[in-house]
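Here's the structure, in structure tokens; my notes come after.
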Amino acid sequence: MKSEIIRKLKENNGYVSGQQLCEDLGVSRTAVWKAIRRLRDEGYQIEAVRNRGYRLLGIADVLTETECSDRLAGCRLGSPVYCFDETDSTNIQAKILAEKGAPEGTLVIAESQTSGKGRRGRSWISPPGEGLWFSLVLRPQIRPSVTPILTLVAAMAAAAGIEDVTGLKTRIKWPNDIVISGKKVVGILTELSAEAQETHYVVIGIGINVNMTEFPEEIQKTATSIYLESGTFFRRSDIVTAVIKRMESYYMTYMATVSLEELRDEYMKRLVNLGREVVVMEPQRERRGICEGIDRNGCLLVRGEDGNVERVISGEVSVRGIYGYV
């Protein structure tokens, strides 16, 4: 009911009478009053005037099931929504829900994480109120061997979604880090449950540094936030909505061919490594080459000193620039 009330208040610039809400929703005035009180507790600024009704004045920068469900109404991805004030990891919670049969599109969001993690087991700093930490459950009918491509699809969605809302120019450091002005602003972690040739589910976790004003000294040279790059505080619900909508579009395009054939050019336009010398790092050796883009399977194409082009598979190695993070 809270989502329906918020939707009706947003649709009207003026007041909506309590009686009208009762009739539209088929509930009592007491039920409406209680829902309004809960919405105020969540951060909505709702004015109540006798004989006129209710009016929405503003929305605080909070992440709630009500707000996200309303903004993503009608979308294939982003429903149902689970919001936590604090949790260990949205990926962990999303996997628990997936194991219990949560449908494709299930979205898990947290104000803060106590055990956020990135690729290769690294920790991910997840303070409350400053960033976006969310995970999406997908159930693609594809072979487990091709699921790593989804992390590139998610990177495209995160980059485009941020750009849609903020206007900042975003780039992708292969395979899935989003950078602005050469510093990381988004990290993505993809995990799956599969056996043999069957994929049960895929969980894509996305962490976005939105309104951070500073970072620990050890990562100041490589990390940034949308606020630090723009000088503007953005409402996080705007950004998560834009990213999920982009993800839905790109995901459907990907699933049509189960390749990056239709998305490859767009990914390449954002690829910060393109045309640059990179270091391909494996546990036993390092080698240098020039990045020539990606193939239809998301592999990085690197031309070595011998002139041969190597296909670098995401997840097997790490790639960095010669002179720094990118």
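LYS8 satisfies every condition listed in (1) in contact (Cβ under 8 Å) with a residue 24 or more places away in the chain; (2) outside any loop (DSSP other than H, G, I, E, B) except (1). Here is the figure for the stretch 41-57: residues that are surrounded by 12 or more Cβ atoms within 10 Å (Cβ to Cβ), of a type outside the set (Ser, Thr, Tyr) and closer than 21 Å to CYS68 by Cα total 6. Restricting attention to the stretch 155-166, the residues being touching a residue at least 24 places away in the same chain (Cβ under 8 Å) and more than 14 Å from MET268 (Cα to Cα) number 6. Do we find that ASP164 is modelled with pLDDT of 95 or more and either under 22 Å from LYS245 (Cβ atoms) or not small (Gly, Ala, Ser) (or both) in this structure? The answer is yes for ASP164. Tally up the residues in the stretch 274-292 that are touching a residue at least 60 places away in the same chain (Cβ under 8 Å) and either assigned by TED's automatic domain parsing to the domain that holds SER181 or on the phi > 0 side of the Ramachandran plot (or both), please. Count: 0. Inclusion of VAL62 among residues that are surrounded by 21 or more Cβ atoms within 10 Å (Cβ to Cβ), within 20 Å of ILE5 (Cβ to Cβ) and either of a type in the set (Phe, Trp, Tyr) or under 29 Å from the mean Cα position of the chain (by Cα) (or both) is not warranted. Taking the listed residues GLY298, GLY289, the one that is part of a strand (DSSP E or B) and surrounded by 15 or more Cβ atoms within 10 Å (Cβ to Cβ) is GLY289, with no other qualifying. Within the span defined as the stretch 242-264, every residue fails to be of a type outside the set (Gly, Ala, Ser), assigned to a strand (DSSP E or B) and surrounded by 16 or more Cβ atoms within 10 Å (Cβ to Cβ).
The values are calculated or read from the model by the stated rules, or taken from the named source; none is laboratory data. Please read these numbers as outputs of a predicted model, since none were measured by experiment. In this analysis, Cβ positions are derived from the backbone assuming ideal geometry, glycine residues included, and neighbour counts consider all displayed protein chains.
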